[in-house]
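Here is the structure we will look at.
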Amino acid sequence: NRVDERFKQIISKPAWQMINENSWAQKKIKSISLPVDYVFEYFSGAMWSSIVWWTNHNFEPPPREMALLFRQLFLPGLLKVLNVRKMNDLIETL
């Protein structure tokens with residue numbers, strides 16, 4: 001599916017750029033037990049599924065609430081994989 005592939009590119013390009021420009025991110029990537037491209041694929045798939053779900057529900061809840069729902073579901077797993085205790089710790093290092 002071309003839309004799906006384009007969406008994955010939109011997600012992975014800036015993520016790889018951030019990793020390449022940030023020494024902390026480079027160290028974290030080396031320490032995780034999962035392939036990085038798998039993490040990106042999982043993230044983009046989860047985000048795409050959330051967007052599809054949202055459109056099927058007439059764009060309800062509002063965007064801010066939808067973003068919160070996505071973060072509540074996705075971020076705990078990401079933080080665990082990166083061995084980061086809370087989101088603020090991750091943000092401060094970037």
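FYI, it's all coordinate maths here, none of it is from the lab. None of the values given here were measured: they were computed from a predicted structure. No Cβ is skipped: glycine too gets one built from the backbone with ideal geometry, and neighbour counts run over all protein chains shown.
With viscosity 1.567 mPa s and temperature 4 °C, the Kirkwood radius over alpha carbon pairs of the chain converts through Stokes-Einstein to a diffusion coefficient of 89 µm²/s. Couplings 3J(HN,Hα) for the stretch 15-21, derived from phi with the Karplus relation 6.51 cos²θ - 1.76 cosθ + 1.60 (θ = phi - 60°), are 5, 5, 4, 4, 5, 5, 9 Hz, where x marks Gly and Pro. Over the chain, dividing the summed -39,500 (n - 2.57) contributions of all DSSP H runs of at least 4 residues by the number of residues returns a 222 nm mean residue ellipticity of -27000 deg cm²/dmol. Listed values for the stretch 24-40 are Karplus-derived 3J(HN,Hα) couplings in whole Hz (6.51 cos²θ - 1.76 cosθ + 1.60, θ = phi - 60°), namely 4, 5, 4, 5, 4, 4, 5, 8, 7, 8, 9, x, 4, 5, 5, 4, 4, and x replaces Gly and Pro. Under the convention that each Lys and Arg Cβ holds +1 and each Asp and Glu Cβ holds -1, the size of the dipole of the chain around its Cα centre is about 240 debye.
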